[in-house]
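Heads up, the thing below is written out as C-alpha cells.
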Amino acid sequence: MSNSSKCIRSALLCLALALPAFSAIADEQWHFVVKNKTDSNIVKLQVSQNKSDWGNFDIGEGIGPGERATLVWSSDTDDQKCHQWIRAKFEDGSFSAPSKQDFCHDLDDPIEFSE
C-alpha cells in the first residue's frame with residue numbers, strides 16, 4: 001500500500017471515529033419544545049428572567065394551531081439561569097399568561113399553550 005493510500009485510509013478512519021463525537025455535541029444544544037393547543041397562530045415567543053425584559057425567539061412564520069416546534073437557544077444565553085418565564089403572542093395581538101419553566105430539564109416535554 002502506498003503512503004498516500006495509508007494517509008487517506010488514516011484520515012477516513014479518524015473522520016469515522018470523530019463523527020459520533022460531533023453528533024453528541026450537536027445533541028447537547030439547549031432546546032425546548034412548544035405545542036400550540038389553541039385555534040390561533042403563535043406569532044412570537046418571548047422569554048424573560050425577570051418578567052419585565054423580554055427577548056424574542058425567531059419562530060419564522062409562526063407556530064400554527066396543533067403544531068409542535070423545537071426551538072434552540074443561542075449560545076449567547078449560556079450564562080443565563082435555567083428558570084425563566086415564557087409567553088406567546090398570538091395573531092390577534094393577545095399574549096398568553098407568562099409561565100415559569102425550567103429550561104435545563106425535560107427539554108423534550110412540550111410547553112403547551114392553550115386557551
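FYI, it's all coordinate maths here, none of it is from the lab. Small disclaimer: the values here were computed from a predicted structure and weren't measured. Backbone-built Cβ (ideal geometry, glycine too); neighbour counts: all protein chains shown.
Here is how the numbers come out for the structure above:
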quantity: Spin-label pair residue 112/residue 43, simplified geometry with 7 Å Cα→Cβ offset, distance in nm; calculated: 2.6 nm
quantity: Set of aspartates and glutamates with alpha-carbon distance to residue 51 below 15 Å, sequence-local pairs under 8 removed; calculated: 102
quantity: Neighbour net charge for residue 91 - beta-carbon separation under 14 angstrom, K R +1, D E -1; calculated: -3
quantity: Highest-first arrangement of 64-75, 35-46, where packing means the average Cβ count within 10 Å; calculated: 35-46, 64-75
quantity: Inter-label distance for residue 67 and residue 51, nm, one decimal - labels placed 7 Å from Cα along Cα-to-Cβ; calculated: 3.0 nm
